[in-house]
1. Translational diffusion coefficient, Stokes-Einstein: compute it for the chain using the Kirkwood radius over C-alpha pairs as Rh, at 4 °C and 1.567 mPa s, and state it as an integer in µm² s⁻¹.
2. Quick check: Cα centre of the stretch 5-77 to Cα centre of the stretch 108-130, how many Å?
3. Given a Förster distance of 22 Å, report the FRET efficiency between residue 92 and residue 2 from their Cβ-Cβ distance, rounded to the nearest 0.05.
4. Just grab the label-to-label distance for residue 39 and residue 114, each label 7 Å out from Cα along the Cβ direction, in nm (one decimal).
5. So what is the 222 nm mean residue ellipticity for the chain from helices alone, if each DSSP H run of at least 4 adds -39500 (n - 2.57) and you divide by all residues, rounding to the nearest 500 deg cm²/dmol?
6. Between residue 52 and residue 129, what length comes free when the chain is fully extended (0.36 nm per residue of separation minus the Cα-Cα distance, one decimal in nm)?
7. Measuring from a point 7 Å past the Cα of residue 170 along Cα-to-C-beta, which residues in the stretch 78-101 have an amide N at less than 18 Å?
8. Which percentage, to the nearest 5, of the DSSP beta bridges contained in the stretch 1-67 is antiparallel?
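Read-outs throughout are calculated quantities, based only on the coordinates presented, and are distinct from any laboratory measurement. Since the structure is predicted, the reported quantities are computational estimates derived from the model, not experimental observations. All Cβ positions, glycine included, derive from the backbone under ideal geometry; neighbour counts span all protein chains shown.
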C-alpha cells in the first residue's frame, strides 16, 4: 500500500486538504486527489485543486489512507453515490480514513459512524450522535481506522495521528 487518496469537491477547506496532502507525501505515499469528475475544484478561498481521478478509477488495494477534508465540500461530496461508496468500501476493508471538520457528513452518508467515538466541527456534533456515533470534543480522536478532528486548528494533531496510522498499516 503505497498511495493515499484525498477526496475533493468545490468549496473544500484549503488547509484541511493541503496539510494532510503534504504530511502523507512526507510519509512516503503517492497522494491522489479524487473528485466526482477529473477536473479542477475551487477551495473556499479560491485555491484550485486538480482531481486526476474519479472513484471508479481507484483500486483500494494500493490505498493506505483516504482523507476527507472539510469546508462545504462534504455536503457536495455526499450527493455523489460513487464518492460515498468509496468511503464505505475503505471502511469495510478496515482502512485508515481521516475526516476533519464537516467531513463527518461523508462518514454519516457512508453509514460508518455507528458505535464509533469521533469528533468534528461542533455544528455537526448532533448529526454524528443521531447517526449513532459517540461525539467527543477533542483535537483528534482515533477509533480503529477512523481518525477525526474538529477544525484547521487541530491539523498538527490530525496530521500526526494520520501519519502514525499510515506508518503502522504498512
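1. So the translational diffusion coefficient is about 85 µm²/s.
2. Measuring centre to centre over Cα atoms gives 21 Å.
3. Working from the Cβ atoms, E equals 0.60.
4. Calculated label separation equals 3.6 nm.
5. Roughly -9500 deg cm²/dmol at 222 nm, from the helical runs in the chain.
6. 24.3 nm
7. Counting only backbone N, you get 95-98.
8. Around 20 percent of the beta bridges assigned by DSSP in the stretch 1-67 are antiparallel ones.
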